[in-house]
């Protein structure tokens with residue numbers, strides 16, 4: 001089979017889809033990895049895995065519908081030139097516009113995966129601002145257009161299909177819950193700390209839904225028993241590293 005994996009950045013495809021690519025290639029499938037940009041090194045890494053990298057253009061966070069339509073039609077032409085048997089898309093925008101482009105291109109099988117619903121579907125203690133509510137409404141509308149075109153939509157936890165498919169009564173042929181996925185822990189073996197004091201670091205966006213509040217609460221508990229331990233937070237390029245509880 002010819003299979004297209006359609007995501008966002010090349011880096012994400014290499015880090016999070018490497019094992020999938022290897023498995024598919026080992027089973028004799030012809031794999032094309034669509035990404036928004038490829039450095040020469042990323043291009044070489046994907047080719048070493050046995051996949052063919054294909055660059056396409058899309059605005060990951062833009063809200064210009066005319067550009068999205070233009071990019072979708074261009075993506076459909078790229079997909080049609082390959083004539084794949086299946087397009088597997090992941091992340092919100094690729095799931096919507098990649099699925100629509102695959103339908104336009106006449107791809108017989110279309111499968112998508114949402115690893116999470118994102119901040120627009122995360123309720124906040126003080127309520128959601130108007131802009132977030134508007135984005136959520138637009139996103140639901142786009143899902144309403146794309147989901148019926150899918151053979152299957154895959155979620156990673158049982159709450160997401162309830163909060164999205166059932167709550168908004170979206171039509172989709174089949175819903176699957178895969179369970180947790182992530183990095184191969186064999187590539188990151190545990191080792192005992194070699195330095196004193198022990199240091200902990202939280203790496204992620206500083207959003208409540210990412211668990212930063214739970215991290216701070218846990219640090220406060222541990223600090224009561226091990227006051228010498230250190231705790232840090234690493235986030236965006238504007239917050240490379242900060243220490244808490246010095």
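Computed from the coordinates by the stated procedures, all read-outs in this text should not be read as laboratory data. Remember, it's a predicted structure, so these values are computed and weren't measured experimentally. Cβ sites come from the backbone with ideal geometry, for glycine too, and all protein chains shown count toward neighbours.
Summary of computed values
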read-out	value
21 Å tail of the calculated P(r), the stretch 112-217, as % of Cα pairs	53
Net length gained if the chain between residue 214 and residue 122 were fully extended (0.36 nm per residue, minus Cα distance)	31.5 nm
Label point distance in nm, residue 55-residue 104, each placed 7 Å from Cα along Cα→Cβ	2.1
Hydrodynamic radius (Kirkwood) for the chain, which is based on Cα pairs only, to one decimal in Å	20.3
Extension reserve of the residue 177-residue 203 stretch, reckoned as 0.36 nm per residue once the Cα distance is removed	6.7 nm
Computed E for residue 188/residue 81 - FRET, C-beta separation, R0 35 angstrom, nearest 0.05	0.35
Cα-based Kirkwood hydrodynamic radius, the stretch 148-196, one decimal, Å	13.7
Spherically averaged projected area in nm², based on the convex hull that wraps the Cα atoms of the stretch 13-137	9.0
Additional length obtainable on full extension of the chain from residue 163 to residue 226, 0.36 nm per residue less Cα span	18.7 nm
Estimated distance in nm for a label pair at residue 130 and residue 27, the labels positioned 7 Å out from Cα along Cα-to-Cβ	5.0
Estimated inter-spin distance, residue 47 and residue 64, nm [label 7 Å along Cα→Cβ]	3.2
